[in-house]
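Asks: One structure, pasted below without further comment.
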Amino acid sequence: MSRSIEILDRLIAFPTVSRDSNLDLIRHVEGELGRLGVASRLIFNDEGSKANLFATIGPQDVPGIMLSGHTDVVPVDGQDWSSDPFRLERRDGRLHGRGAADMKGFVASVLAMAEQAVRAPLATPIHIALSYDEEIGCVGVRRLIDMLAGLGIRPRACIIGEPTGMQVVVAHKGKTGLRAHCHGLECHSSLAPQGLNAIHMATDLIAAIRRLQADLAAEGARDEDYEVAYSTIHVGTIRGGTALNIVPNSCTLDFEIRHLPADPVEPLLDRIAEKGRAIETAGRAVFPNAAIRLEPLSAYPAMSIDPDAEIVGFVKALTGGNSHGKISFGTEGGLFQRDLGVPTVVCGPGSIGEAHKPDEFVSEDQLAACDQFLAALLRQLTH
Ligand SMILES: [Zn+2]
């Protein structure tokens, strides 16, 4: 059994679902790195229940290559697994377990490589960055970035090991999630025009969102490298009303924008907010306190790096391939790029198509390919 599989076995056994603590896993990794003589910095959340980990192997005073992964996983509730999701199950060349693809496989491969790296005469250091709460909107890593910025640590480049089938990824869309609270006036439904129907306000806003989507699809930025070539907006949930004979005074809807790097999100938000104000103004003819309030839920920026950038060629050479791609799902890469100015690519084992599902897996071949990739990185960074 490869060292990375042994480590993955340990990592999967920590049930680091985003709503729960990741500290047992982080303490375990801190202990393993400590045994190798590598010191870890932990950056905690306010409650002290979760932490990021940052560690450097090699010279401490030179910018290094940062290998970044998140430690949290999505829940397994309601999913029909053939084996315990929090125990590594080896079956037909596949390594099953929650987080195997997204993204404990990569983290295991990095920690296996670390055991070699501490014995290598590194000219350029390797930084290991592990975060919490990625799955709920890249929340935890922001503190890690603040810490690095505060210490003046700016890695030369960052590789995020989200599952891309070990293909080098140079761009992904950004995402902004919002909640719209619509406030109307309740009344008996037999007197409906005397009230202000909050569900109707919400559906007017949805109509505006859908018009904006149609415009973006027809005239917005396009990039055929993406599975969906344009920016998208969709409403995910709507809640309102209590009974058929009451005009509802409240309706809440959640929607998200997933935008191409070439479509800045602010003008899109402005257009939706403007429509919200117009609906509000119309409603005030009936009810002076009519309101639509937009509450931000989560957001991360798009990521985009020039395919001709040095890091892209460097990482491609490590994979032995020469192609690059773009992905529809998000990563922490946009934040590293925007807030720390670090050239970033995404490249990791497994497939996003296998993530977040029952019987999630990373194949042994993919994990071995990642081991080889990191071994090649280590050779490149050695004197
Ligand atoms: Zn992930």
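None of the figures in this text is laboratory data; all of them are computed from the coordinates on show. Small disclaimer: the values here were computed from a predicted structure and weren't measured. For neighbour counting, all protein chains shown are included, and Cβ atoms are generated from backbone atoms with ideal geometry for every residue, glycine included.
Asks: Modelling each spin label as a point 7 Å along the Cα-to-Cβ direction, I'd like the Ser49/Thr237 distance in nm, to one decimal.
Replies: 1.8 nm
Asks: For each of His383, His200, His188, count neighbouring Cβ atoms within 10 Å of the residue's Cβ, then give the residues from fewest to most.
Replies: Least crowded to most crowded, the residues run His383, His188, His200.
Asks: Residue separation times 0.36 nm, minus the C-alpha to C-alpha distance between Asp80 and Asn245: what's the value?
Replies: My answer for the length gained is 55.4 nm.
Asks: List, largest first, the extents of the alpha carbons of region 264-383 along their principal axes, each in whole Å.
Replies: So the extents along the principal axes, rounded to whole Å, are 72, 37, 22.
Asks: Bin all alpha-carbon pair distances of region 174-299 at 5 Å intervals from 0 and give each bin's fraction as a whole percent.
Replies: 2, 11, 21, 20, 16, 12, 8, 5, 3, 1, 0
Asks: Another question, then. Separation between the Glu266 and Glu32 pseudo-spin-labels, each 7 Å from Cα along Cα→Cβ, expressed in nm?
Replies: Taking the simple label geometry, Glu266 and Glu32 are separated by 4.3 nm.
Asks: With a ≥ b ≥ c taken as the square roots of the eigenvalues of the C-alpha gyration tensor of region 16-157, please select rounded if a/c is under 1.5 and otherwise prolate if a/b is larger than b/c or oblate if it is not?
Replies: Judged from the Cα gyration tensor, region 16-157 comes out oblate (a/c at least 1.5, b/c at or above a/b).
Asks: If packing is taken as the average count of other Cβ atoms within 10 Å, what order do 298-304, 214-220 fall into, highest mean first?
Replies: 298-304, 214-220
Asks: Computed FRET efficiency, Cβ-Cβ of Asp365 and Ala229, R0 25 Å: what is it to the nearest 0.05?
Replies: 0.25
Asks: Could you tell me what percent of the DSSP beta bridges with both partners in the chain are antiparallel, to the nearest 5?
Replies: 75 percent
Asks: Binning at 20 Å from 0, report for the chain what percent of all alpha-carbon pair distances ends up in each bin.
Replies: Histogram of Cα-Cα distances, whole percents per bin: 27, 50, 20, 3, 0.
Asks: Quick check on packing: order 93-99, 339-345 by the mean number of other C-beta atoms within 10 Å, highest mean leading.
Replies: Output ranking for 93-99, 339-345: 93-99, 339-345.
Asks: Taking θ = phi - 60°, what integer Hz values does the Karplus form 6.51 cos²θ - 1.76 cosθ + 1.60 yield along region 254-260, in sequence order, with x for Gly and Pro?
Replies: 10, 9, 9, 10, 10, 10, 5
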